[in-house]
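Each remark here refers to the structure printed beneath this line.
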Amino acid sequence: MPADPVKALAAAIAAAAGAELELERPGEAEHGDYATNVALRLAGARRKPPREIAAEIATAAEGLPAVERTEVAGPGFVNLFLRDEWFAAALSEILGDGAAYGSGGAERQERVQVEMVSANPTGPIPVSSARNGAYGDAVARLFELAGHEVEREYYYNDSGGQMDRFRASVEAARRGEEPPEDGYKGAYINDLAALKGDPVPLMLKEIESSLERFRVHFDSFRRQSELELRLPELLPRLDTYEKEGALWARSSAHGDDEDRVLLRSEDRSPTYRAADVAYLVDKLDRGFDRAIYVLGADHHGTRNWYAAVARMLGYDPERVEVLLYQLVHLTKGGEQTKMSKRRGDVVFLDDFMDEIGVDAARWYLVNRGPDQTIEIDIDLAAERSQKNPVYYVQYAHARIAGILRNAPDNAGNSLLLAKPLAPAERELVKRLAELPAVAAEALTKRGPQGVPTYAIRVADDFHRFYHEHRVLESEQQAFRLGLCLATQRVIATCLHLVGVEAPERM
RNA sequence: GCGCCCGUAGCUCAGUGGACAGAGCGGCGGACUUCUAAUCCGCGGGUCGGAGGUUCGAAUCCUCCCGGGCGCACCA
């Protein structure tokens, strides 16, 4: 069982009170260390006044050794005030899990594929696609932390109209000519022209290396052209019909918003929708319990398409999940810039990382909820980087590293309390104890922004503790060193989830 | 017209049923012979877009309205 002191306490109280309940941290210190609203929830079913139920639960809770006293407050909250012994035991439990604290929350392990970025290799990755990677990778890391097995995949089109225009643009540059109508422009086209061979794999290699620098690692790549080879065998398994010379999927009958063309009327060539079918089969037949698509909000119209394909082919649509995120808007000195790869005025991920650094870039792009549009003022990005909260969190980690460097070798392991705990110490322990719930909620919601928000709170509580109390050579040194170590691990775990480094020195 | 998302402090945003709504930035004022001041403390700042409804309780759930973004291809 992974360490989760709050859950354990809730379970103990639930057993004593005879009702399932959850504990929350009240906003006000005078409302106790933890509180539960379970009496309010039970009032209807039990047909008793909530305060009466609350009083019974409070009495039962007072029988526990961890509980110093209780209060029934407001309409029927039960407020719990805990003994120092509980804090020492909680910290001990957290430390007992070592660097793994916060992990292993999954009840049963799944094989998960996260397919992300998947931008066609017609140019370097723009910041807008980087959000896809930052978001998808953060969700992937949350799955991993919970104990699931995750593979990250990149899917791209290596044939078709876009790629033809891209290749033609590079060829034109090699001949010293202007790019064709609707072709691609930009310095990177000339860079590719200077090299030999098909520019598509060259471009893909550059994209991969940008993403590696961004700390998004792909386990595999899939090409549309190879998947299309399976279509003759797969299309007959779908619910289809002929109309105006084209082959249509009757996807609207299976939960999609409309029917989709699979084979074009002109030459019976497959659309990308047809390749989607082959790709979905390819994913699910590889044995993934869950196939996750990470898509920008401009693709929200296709949200139901994948589930419809799964249904038509007889797969459980629950295995297919589409995560949407809103777009990134770039402004320059307050003015909106429209981004177009073809015009070559995009802000590329590499430039963005050069400007503000990898850590700030990752933090910036997962800091906000996926449903929230991100506004980035490129002019302010560099300046703002020094004010980015990511450094505040990293600084807490580095500060602790400094303390641990100066600590005597034999100082660890004991959590003996020399004197009563100070409020800052109790607050910090409670904060660290939140990690399992924070990670679980972020995963359930597919909302990794909860992690950086929590990390700021941890750093906050630590910096305050640090300011008020000396660790080394204090009466409370043993306990405080343990507290520092646990805090450092929690921050390191949070930073890892976001894709940010945890520095030993700053 | 239809669909998805958003509207919370001057700005950028957390907060998906609980007790007087939070943070960062910006503004003002304090704290370093000390384990890292990239820190800490204080002050100022809000009809949670609007109106109804559900509930003991709503920023949060439902309905309508008003703003904004993004879609609605035999492009990907």
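Miscellaneous remarks
- Extension gain (nm, one decimal) between A:Glu171 and A:Ser159, 0.36 nm per residue minus Cα-Cα: 2.7 nm
- Only the Cβ atoms of Lys and Arg (+1) and of Asp and Glu (-1) were treated as charged; on that basis the dipole of region A:15-55 about its Cα centre amounts to roughly 380 debye.
- Between the amide H of A:Arg222 and those of A:Tyr154, A:Tyr155, A:Tyr156, distances stay under 5 Å, these residues lying 5 or more places away or on another chain, with hydrogens modeled in the peptide plane.
- The convex hull drawn around the Cα atoms of chain A, when projected onto a plane and averaged over every direction, covers 29.5 nm².
- Charge tally for A:Gln224 (other residues, Cβ to Cβ under 10 Å; Lys, Arg +1; Asp, Glu -1): -2.
- Annotation note: GluC sites (Glu not before Pro) in region A:385-491 located in DSSP loop regions with a Cβ neighbour count of at most 14 within 10 Å are A:Glu473, A:Glu475.
- Lys, Arg +1 and Asp, Glu -1 on Cβ, resulting dipole of region A:389-498 about Cα centre, debye, nearest 20: 200
- Each of A:Ile491, A:Ile13 has some number of other Cβ atoms within 10 Å of its Cβ, and from fewest to most they run A:Ile491, A:Ile13.
- Placing a pseudo-label 7 Å from each Cα along the Cα-to-Cβ vector at A:Arg264 and A:Arg47 gives an inter-label distance of 7.1 nm.
- Per-pair calculated FRET efficiency, R0 = 41 Å: A:Arg250 and A:Asp377 via Cβ, rounded to 0.05: 0.30
- Here the dipole of chain A is about 280 debye; that uses its Cα centre as origin and unit charges on the Cβ of Lys and Arg (positive) and Asp and Glu (negative).
- Summarising the amide proton neighbourhood of A:Glu68: residues at separation of 5 or more, or on other chains, whose placed amide H is nearer than 5 Å comprise A:Phe81, A:Leu82, A:Arg83.
- Ranked A:Thr493, A:Thr240, criterion: other C-beta atoms within 10 Å, fewest first: A:Thr240, A:Thr493
- Measuring against 32 Å, Cα to Cα, the residue pairs A:Lys185/A:Lys387; A:Lys205/A:Lys243; A:Lys185/A:Lys283; A:Lys7/A:Lys419 contain A:Lys185/A:Lys387; A:Lys205/A:Lys243; A:Lys185/A:Lys283 as the ones spanning a longer distance.
- Qualifying trypsin sites (Lys or Arg not before Pro) for region A:181-259 [loop in DSSP, other Cβ within 10 Å: at most 10]: A:Lys196
- Rounded, prolate or oblate (a/c below 1.5 giving rounded, otherwise prolate when a/b exceeds b/c) for region A:389-498 by Cα gyration tensor: prolate
- Electrostatic tally near A:Glu68: other residues with Cβ closer than 13 Å to its Cβ, Lys and Arg +1, Asp and Glu -1, net -2.
- Convex hull volume per residue for region A:96-250, taking Cα atoms only, in Å³: 174
- Each of A:Ile400, A:Ile189 has some number of other Cβ atoms within 10 Å of its Cβ, and from fewest to most they run A:Ile189, A:Ile400.
- Other-chain or far-sequence residues with amide H under 5 Å of A:Asn367's (modelled H): none
Bear in mind these aren't lab numbers, they're just calculated from the coordinates by the rules spelled out. Keep in mind it's a predicted model, so treat the numbers as computed, not measured. We place every Cβ from the backbone using ideal geometry, glycine too, and count neighbours over all the protein chains shown.
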